[in-house]
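Below you'll find the structure, written out as structure tokens, and then a few comments.
The values are calculated or read from the model by the stated rules, or taken from the named source; none is laboratory data. Note that this is a predicted model, so its numbers are computed, not measured. Virtual Cβ from ideal backbone geometry, glycine too; neighbours counted across all protein chains shown. To get the accessible areas, we keep the full protein, side chains included, count just its heavy atoms, and leave off ligands, DNA and RNA. Shrake-Rupley method; radii C 1.70, N 1.55, O 1.52, S 1.80 Å.
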Amino acid sequence: MKNKADIFFAHRLIYSLVFFTFVLQSCGHKGPKPVPGENVSFKKHILLMDFIAEGAAVGDVNNDGLIDVLAGPYWFEAPDWQVHELAPVKTFYYDKGYSDAFISHSMDVNHDGWVDFVRIGFPGKEVQWFENPKNKSGHWNVHLITESLGNESAGFYDIDGDGLVDLVGSIPATGEMVWFKSPVDEHDLVWKKNIISNPNSPGTAQYAHGLGVGDMNSDGRKDVIIKEGWWEAPENPTKGPWKFHSASLGEAAAQMYAFDVNGDGMQDVISTSAHQLGMWWHQQLHDTNGNISWQTHEIDNLFTQTHGLELVDINSDGNLDLVTGKRYFAHMGADPGEFDTPYLYWYEFVPGDSPHWNGHEIDNDSGVGVQVITQDITEDGLVDIIVANKKGVFVFVQERSH
């Protein structure tokens, strides 16, 4: 039998939890109420109609408490999206080539309290970070992270779980998948390279398609996924190479996600076609001998070139939805359906015995680039969407009807 001190402590703990919950509710910290997909809409803001980048980032650039947008050589000041140069402006043509800004991210690289801008250039080329000048005029100082990073869906993830975002991609010259540890303090600003794969591994070519980070084996660690399989993160992710598990995870893709779609306790993988037609989830199957195989299920085939994909709860119902669209003029007219409508869509996830996604059109004159940003930039509790591509730079602010 528990002693009186234990009983007293237990009662005090229960009381504290109940009181804390009541305070949160009283202060309005319950979050937005879930709504059906048809009650969700988006207000479109056109920040620019020039081709400057195929990815964007968001952050409070000038420390005024409002979330701004960064893309290519510009940052756009909220709430009216005033344009500021952060780097020399170059001219790109949507039907003649590519930009020098594919995937981007905002973070305080040098830990000085100001948001900096990290930009992955053309696949296989350099990755740089631009140092925030703290409201001083002029272009931002540029620092090199790596001279070369491959895979068209390289990106930013917290690999070691320290709360700081790292960089994941490949070194095409050696055929290695790597991750770069971001600086932990202002005294050492070198992004330290860590090996994930052996040399000459799949998914590491300059223009490789398909890359994601997720917990594939439910051990609490961040594994790295490509369409040919996945690398299992060790207890210490700086100790490489990681163990590789071969898998058949579909065609050339964009961002890839580990997600238990059918609720059977095994991680499945979601991917979309970078240049062809298709969106899929790849079901993980185990036979009686423990052998693993994969069965591909189609999500939708409404449009081609779904070269950017996000997994996020759009309508606050606790289910993770999909946001994607058509990458406008991805290959200057050479891809299937290149001249079709540049849709932007979100797909409402419906779990159950037959899990599926219901598509909702957001816009028909924008699409995606190689990256989609989903974040509450208006701080109203609702997820907004930010894209940059060959049509320009756009913010879609979520609105709801009741």
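Conditions tested, residue by residue: (1) of a type in the set (Ser, Thr, Tyr); (2) in contact (Cβ under 8 Å) with a residue 12 or more places away in the chain; (3) surrounded by 15 or more Cβ atoms within 10 Å (Cβ to Cβ).
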| position | (1), (2), (3) |
| --- | --- |
| Ile195 | no, yes, yes |
| Gly203 | no, yes, yes |
| Gly214 | no, yes, yes |
| Gly220 | no, no, no |
| Lys227 | no, yes, yes |
| Thr238 | yes, yes, no |
Flag if Pro32 is part of a loop (DSSP other than H, G, I, E, B) and at pLDDT below 95: yes
Boolean, Val312 is surrounded by 21 or more Cβ atoms within 10 Å (Cβ to Cβ) and either within 22 Å of the chain's Cα centre (by Cα) or at pLDDT below 95 (or both): no
Matching residues, segment 104-121, being under 22 Å from Val387 (Cβ atoms) and either small (Gly, Ala, Ser) or crowded, with 22+ Cβ neighbours inside 10 Å (or both): Ser104, His105, Ser106, Asp116, Phe117, Val118, Arg119, Ile120, Gly121
Tabulated pairs, segment 287-314, first more than 15 Å from Lys227 (Cα to Cα) and among the acidic types (Asp, Glu), second outside any strand (DSSP E or B) and open to solvent by less than 50 Å² (accessible area, probe 1.4 Å), C-beta under 7 angstrom, 6+ apart or interchain: Glu310/Val372; Asp313/Asn319
Residues located in segment 277-305, provided they are in a loop (DSSP other than H, G, I, E, B) and either surrounded by fewer than 13 Cβ atoms within 10 Å (Cβ to Cβ) or touching a Ser or Thr at 6+ places or on another chain (Cβ under 6 Å) (or both): Asp287, Thr288, Asn289, Gly290, Asn291
The lone exception for Thr91 - which of (1) open to solvent by less than 50 Å² (accessible area, probe 1.4 Å); (2) β-branched (Val, Ile, Thr); (3) farther than 20 Å from Arg327 by Cβ it fails: (1)
Those residues of segment 227-242 which are aromatic (Phe, Trp, Tyr) and part of a loop (DSSP other than H, G, I, E, B), in sequence order: Trp242
Residue in segment 174-193 that is touching a residue at least 40 places away in the same chain (Cβ under 8 Å), in a strand (DSSP E or B) and surrounded by fewer than 17 Cβ atoms within 10 Å (Cβ to Cβ) present: yes
Near pairs, Cβ below 9 angstrom, 6+ apart or cross-chain, from segment 137-151 (at pLDDT 95 or above and β-branched (Val, Ile, Thr)) to any residue that is assigned to a strand (DSSP E or B) and open to solvent by 90 Å² or more (accessible area, probe 1.4 Å): Thr146/Lys193
Those residues of segment 343-385 which are over 20 Å from the mean Cα position of the chain (by Cα) and under 19 Å from Gly31 (Cα atoms), in sequence order: Asp380
Test: residue in segment 68-76 that is more than 19 Å from the chain's Cα centre (by Cα) and open to solvent by 20 Å² or more (accessible area, probe 1.4 Å): yes
Restricting segment 348-402 to residues that are assigned to a loop (DSSP other than H, G, I, E, B), touching a Phe, Trp or Tyr at 6+ places or on another chain (Cβ under 8 Å) and not charged (D, E, K, R), the residue that is most open to solvent (accessible area, probe 1.4 Å): Asn364
Members of segment 122-171 that are among the aromatic types (Phe, Trp, Tyr) and either assigned to a strand (DSSP E or B) or open to solvent by 30 Å² or more (accessible area, probe 1.4 Å) (or both): Phe122, Trp129, Phe130, Phe156, Tyr157
